[in-house]
Structure formats: structure tokens, C-alpha cells
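> Structure incoming, see below.
The values are calculated or read from the model by the stated rules, or taken from the named source; none is laboratory data. Quick caveat, the model's predicted, so the values are computed rather than measured. Because the Cβ atoms are built from the backbone with ideal geometry, glycine has one as well, and the counts that use them run over all protein chains shown. Just the protein is used for accessible areas: all its heavy atoms, side chains included, with ligands, DNA and RNA removed. Shrake-Rupley method; radii C 1.70, N 1.55, O 1.52, S 1.80 Å.
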Amino acid sequence: QVQLVESGGGLVQAGGSLRLSCAASGRTFSSYAMGWFRQVPGKEREFVAAITWRFNTYYADSMKGRFTISRDNAKNSVYLQMNSLKPEDTAVYYCAARSSGSYYAPNTYDYWGQGTQVTVSS
């Protein structure tokens, strides 16, 4: 079992930055690939970024160059640094953990946090 708790969301102006954190419980955190997804009302959950236990990273095309995913296994944490934020980045951001399957598909993730709201004003 892995429990995930996100933090770091908030209100920021366009062009600004935020750093999301996800704290995980469980002794097997380092064996999971971790992902960030986001969702706006009425739309499907969207892949943002993922990082493997070997620290390989994957990004959605629209986030490349602006977002950076990282992890600290000693702290059981994964982070999402978001720069050059745009109003269209406004969403609830979720942290998730997976043991197998595609990094990009939300239905391959086994555990989810409760989400943190990010609002980017224009």
C-alpha cells in the first residue's frame, strides 16, 4: 500500500512558478514509477509527467521545457517544478504511483493522492 499526499498548489499569475510536492508513505516507494496528472472539470485526467525508479523522465509535449519532475527516494517524495505557467495550466494536479504498464495512461496507476488545486490567473 502507498498513500500519497500532494501539496504546493495555489494561485499564481501567468508566467510565474509553483513547485508541487507529493509525500508518499510505504517502504516500497523507490520501486514505483511516479506520475503527475491534472484534471479540469468535465475533462479526462491528463498526463503531465512521470519518473521511473531509475530516474528516467517522461513529459507531455505541452509541458516539455516548462515542467520538471524529480524524486527523492530518501524522503519518499516526488516533485513537480512548474515554470512559465499559463492560464490553461489551471487544474487539479494529482500525484500517482504505478508498478507496471504505460507511464502515460492513468488507468495503469495503482495509487492516487487527493489532488492539489493550481490556478493561474491571466
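> Here is a list: R45, R71. Which entry is over 16 Å from L18 (Cβ atoms), modelled with pLDDT of 95 or more and surrounded by 22 or more Cβ atoms within 10 Å (Cβ to Cβ)? Write out each step before concluding.
Working: R45 fails: surrounded by 22 or more Cβ atoms within 10 Å (Cβ to Cβ).
Only one candidate qualifies: R71.
> Given the residues Y32, Y79, Y59, which is the only one that is open to solvent by less than 50 Å² (accessible area, probe 1.4 Å), under 22 Å from Y111 (Cβ atoms) and modelled with pLDDT under 95? Lay out the reasoning, then the answer.
Values: Y79 fails: modelled with pLDDT under 95; Y59 fails: modelled with pLDDT under 95.
Matching residue, one of Y32, Y79, Y59: Y32.
> Given the structure, is V92 out of contact with any Ser or Thr (no Cβ under 6 Å at 6 or more places or on another chain), surrounded by 13 or more Cβ atoms within 10 Å (Cβ to Cβ) and within 15 Å of R38 (Cα to Cα)?
Working: out of contact with any Ser or Thr (no Cβ under 6 Å at 6 or more places or on another chain): yes; surrounded by 13 or more Cβ atoms within 10 Å (Cβ to Cβ): yes; within 15 Å of R38 (Cα to Cα): yes.
Taking the combined requirement at face value, the residue satisfies it.
> Cβ contacts < 7 Å: first residue of a type in the set (D, E, K, R), restricted to the stretch 94-122; second residue assigned to a strand (DSSP E or B), any location; separation 6+ or different chain. Result?
Pairs found: R98/A33; R98/G35; D110/A97; D110/R98.
> So how many residues does the stretch 1-11 have that are open to solvent by less than 20 Å² (accessible area, probe 1.4 Å) and over 15 Å from the mean Cα position of the chain (by Cα)? Show your work before the answer.
Taking the stretch 1-11 and keeping what is open to solvent by less than 20 Å² (accessible area, probe 1.4 Å), we get 2, 4, 6.
Narrowing the set further to residues that are over 15 Å from the mean Cα position of the chain (by Cα) leaves 2.
Residues in the stretch 1-11 being open to solvent by less than 20 Å² (accessible area, probe 1.4 Å) and over 15 Å from the mean Cα position of the chain (by Cα): 1 in total.
> For the stretch 2-57, which positions are part of a strand (DSSP E or B) and without any contact (Cβ under 8 Å) to a residue 60 or more places away in the chain? Break it down stepwise before answering.
Of the residues in the stretch 2-57, the ones part of a strand (DSSP E or B) are 3-7, 10-13, 18-25, 33-39, 46-51, 57.
Result: S21, A23, S25, E46, F47, V48, A49, A50, I51, T57.
> Another one. List the number of the failed condition for S100; all other conditions in (1) under 20 Å from G115 (Cβ atoms); (2) touching a helix residue (DSSP H, G or I) at 6+ places or on another chain (Cβ under 9 Å); (3) surrounded by fewer than 13 Cβ atoms within 10 Å (Cβ to Cβ) hold.
(1)
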